[in-house]
Amino acid sequence: MRTKTLAAPYLVWMIVFTVVPLGIVAWFALTDYATGAFTLANLARVSTYVPIFLKSVWLALLSSVICLIVGYPVAYCIAGTSPRRQRVLYMLVMLPMCMSFLLRTLAWVALLEDTGIINNLIRSLGLRPLPLIRNDAAVVLGMVYNYLPYMIMPLYTVLIKLDDKLIEAAEDLGCTPARVFEKVTLPLSVPGIISGLTMVFVPAVSTFYISQKMGSSGTTLIGDVIESQFKAAYNPNLGAALSLILMVLVLVCVAVMNRFSDGEEVIAL
C-alpha cells in the first residue's frame, strides 16, 4: 500500500500530461473538423504524405548514424580521461544545450547562407560561392549539430561504467587493443548505442524548425506539414491524424532498435 501511495504523484502526472493529451490527439484524428462526427477520412488522407514520411525517416536515420560515428569516439575519449577532466569535457559537450535551440540553428544559417560568413570568405579569395544551405545536407548538418549531445550522453554513461578488469583480462589473453574494442568494449556499449540512436532519432524525425531555416521547398519534413495544419492551413484534425501516425511510426522504430539491445551481450574472446 505504501508503494502505491508513493507512486500516486507519478501516476497522476502520467495521466494528466501523457494519457489525456494522447487521447485528445486521437479524438481530433478520428473526428470531422466541421461536424465533429466520427470519421476515418483524416487517416485516409495521411497516405498522401507517405513520401514526406519516408524522407523524414531517412534524414533522421542518417543524422542518427552520423551522430553515432562522431559521438562514439568523443564519448570514448571522455570516458578514458581522469575524473576531473571528464567533468570539464562533459560540461563542454553540454554547454551548447544551454543556448536556445533557435539561436543555435540561426547561427548555422548565418554561417552557411549565400551571403553568410563562409561564402563571403570564399568570395574574398576570388572563388565562386558554394550552395551550402537550402538542401538536404544542410538539414542533416543542423540535426547532427543540435542532437549530437543526445548521442554522447548515453554513450558516455555506459562507457564510464565498464569494468576495467574485463579489458585487463582480454589483454592478458593476448587480445590487441583493436580486438579488445571489438570483443569487449563495443558489445558492452550496445545499450548506450541504442539509447543514443533513439534519443537522436525521435526529435530528428519530427523536427520542423531546422528544415524551415536550412532546407528548401524540396526538404519539407513531416514536422513542417503538421505545423502547417495547425497554422497556415488550419486543419487540426488532419494535423492530429499525421501526429498520431508519426507517433506510431516512432514507437515502431524505437521497438525495432530496442530489439537489438534485449538480453545480455555474450563476450567471446
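Where a number appears in this text, it was derived from the coordinates with a stated rule and is not lab data. All of these numbers come straight from a predicted model, not from anything done at the bench. Here the Cβ positions follow ideal geometry from the backbone for every residue, glycine too, while neighbour counts run over all protein chains shown.
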message: Two decimals, Cα atoms only, Kirkwood Rh: what is Rg/Rh over the stretch 159-269?
response: 1.23
message: I need the helices of the chain that pass two filters: whole DSSP H segments spanning 18 Å or more by Cα along the axis, and mean Kyte-Doolittle score no lower than -0.5.
response: 2-14, 50-79, 136-159, 190-205, 236-259
field: Mean projected area in nm² (Cα convex hull; one quarter of hull surface) for the stretch 20-71
entry: 5.3 nm²
statement: In whole percents, the bins of 5 Å from zero upward hold the Cα-Cα pairs of the chain as 1, 5, 9, 12, 13, 14, 13, 11, 9, 6, 4, 2, 1, 0, 0, 0
Relative contact order of the chain, defined on C-alpha pairs under 8 angstrom at six or more residues apart (%): 28 percent
- prompt: Cα-based count: Lys pairs in the stretch 50-259 below 19 Å, eight or more positions apart or different chains?
  reply: 4
- prompt: Out of residues 5 or more away from residue 31 or on other chains, whose amide H comes under 5 Å of its own, with H placed 1.01 Å from N in the peptide plane?
  reply: 39
query: Sorting 245, 24, 152 on the 10 Å Cβ count, fewest up front, what's the list?
result: 24, 245, 152
